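Here's the structure, in structure tokens; my notes come after.
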Amino acid sequence: MTWEESFRFVAAVLTSIGGGVAIVFGFSSWLGKVWASRILSREKYELEKLRHEHEVRFSKLHLERAEAIKELAQCLQQLDDSLHSFLKDFQPVNEPDLEKKVSKSIELHNEFVAAYKKHRIFFSRETEELMHRLALCSRDTFIDIQTYPVSVDHVEFRMTPELLKNRDQCWQNARKAFQEDILKLKEALEDTFREILGIAPEAKKPSEKTSLGFWCKSGSPAQR
């Protein structure tokens, strides 16, 4: 074989090898793109699936919290109304007597406590603490007013008139606690509930209620 023939043979082999390398490289590049596309599609599907599951769980949780807030808010308002009803200075004759009002209020207090204990898992530690503090203040109110007989017509006060002054002081303490503690805790808790529900806060107007909310600045009885 001459040098010329040998050169042509080597050139042909190199050309053949080079073309194969090019084909293999091209195929590998195409295959890599196909697999990359499939992997990205699968990852996108999994992420979309996770997002949807998260939205479903979040929506369900929000709905459950809304139901819990609804029950708690109703119990809280009923308790607040009942406390105000027996703590107010003027007791209309067409309303139940004090003992019945206090007994009913204690029932509503227990209902609020039961509701907050049942639903506390849906709320933060801070919100749970608000509910707990409000329940304690409410409980202490009942302790104050039951230190002595509730009715001023009780036989003990006729036998020992000075006890009536002690009884009145306990009731004043209860009214003060209601005004300075319970109402403020109630407002803070309701603001927290509104924030959870996504209700935008409104500009607060100065309150006209003073001394347990029983009298307006004009001096006329406040409607409650």
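Derivation of every value follows stated rules applied to the coordinates shown; laboratory data play no part. Please read all numbers here as calculations on a predicted model, not as lab measurements. All Cβ positions, glycine included, derive from the backbone under ideal geometry; neighbour counts span all protein chains shown.
Here the peptides 62-71, 90-99 are ranked by packing, the mean other Cβ count within 10 Å, and the order with the highest first is 62-71, 90-99.
Here the 3J(HN,Hα) profile of region 141-148, calculated from phi with Karplus coefficients 6.51, -1.76 and 1.60 at θ = phi - 60°, is 4, 5, 5, 4, 6, 9, 4, 10 Hz, Gly and Pro shown as x. For the residue pairs LYS70/LYS117; LYS101/LYS184; LYS70/LYS186, the alpha carbons lie more than 18 Å apart in LYS101/LYS184.
Computed from point charges on the beta carbon alone (+1 for Lys and Arg, -1 for Asp and Glu), the dipole magnitude for region 65-197 about its Cα centre is near 220 Debye. Overall, the ratio between the Cα radius of gyration of region 65-197 and 2.2 N^0.38 Å, rounded to two decimals, is 1.16. The HN-Hα couplings worked out from phi for region 149-164 by the Karplus form 6.51 cos²θ - 1.76 cosθ + 1.60 (θ = phi - 60°) are x, 5, 6, 6, 8, 4, 4, 4, 6, 6, 7, 10, x, 5, 5, 5 Hz, whole numbers, x standing for Gly and Pro.
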